[in-house]
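Q: Below is one structure. I have some questions about it.
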Amino acid sequence: MFRITELARQFNLSRSTLLYYDHIGLLTPSVRSEAGYRLYSLNDRDRLATICSFRQAGLTIEDIRRILSMEADDNGEVLQRRMRELGVEIRTLQTQQHLLGKMLQVQSLGELPVTVDKQAWIQMLRAAGMDETAMKIWHTEFERRAPEAHHQFLLALGISENEALYIRKLSAEEQNG
């Protein structure tokens, strides 16, 4: 049997993570000691290893809960959806990489404006091959990964506070929808 801190250390997790998993019913300890300590079995340890593998693959807690409660044959749908999401993320990152490459190319030619405003930014995105859909994905990912930085970036382009908030709202809706 493993105490909570011992088990957490094995997986390089915090004690509070295991307390959270217990609280939401994702990983409940097999028994409690007479003193009330959580004690985890080898089966609990194996379940945590599975949870950690799924987390490393980018699955949400809710997806992991679904998978662990399903029959093994039903897991494919959740995993396939995550695979599609990763494909979108990879394409977004490749687009960003391509865009940065174009920016560096333009900069090396001395053509980069002193300040990049909204119009210049849109022109660079289009020059990098991004269409409206790709730009929406870019904003959605920026908003998901770093909302405050996204906001500051929009303001730095000379976009008004109201328009920046509107773009962020659309990006958040796109992310949730």
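Q: Is it true that some residue in the range 59-70 is farther than 22 Å from Gly158 by Cα and modelled with pLDDT under 80?
A: Within the range 59-70, one or more residues are farther than 22 Å from Gly158 by Cα and modelled with pLDDT under 80.
Q: Same structure again: Identify, by number, the condition in (1) polar (S, T, N, Q); (2) touching a helix residue (DSSP H, G or I) at 6+ places or on another chain (Cβ under 6 Å); (3) not in a helix (DSSP H, G or I) that Asn12 doesn't meet.
A: Condition (2) is where Asn12 drops out.
Q: Continuing with the same structure: Of everything in the range 116-146, what is among the acidic types (Asp, Glu), under 14 Å from Arg91 (Cα atoms) and touching a helix residue (DSSP H, G or I) at 6+ places or on another chain (Cβ under 6 Å)? Give them in sequence order.
A: Residue satisfying the conditions is Glu141 alone.
Q: If a residue has to be surrounded by 13 or more Cβ atoms within 10 Å (Cβ to Cβ) and under 27 Å from the mean Cα position of the chain (by Cα) to count, how many in the range 20-53 make the cut?
A: Result for the range 20-53: 13.
Q: Please verify whether the range 54-77 includes one or more residues that are farther than 30 Å from Met124 by Cβ, assigned to a loop (DSSP other than H, G, I, E, B) and more than 16 Å from the chain's Cα centre (by Cα).
A: Yes.
The values are calculated or read from the model by the stated rules, or taken from the named source; none is laboratory data. Since the structure is predicted, the reported quantities are computational estimates derived from the model, not experimental observations. Glycine also receives a Cβ, built like all others from the backbone with ideal geometry; neighbour counts cover every protein chain displayed.
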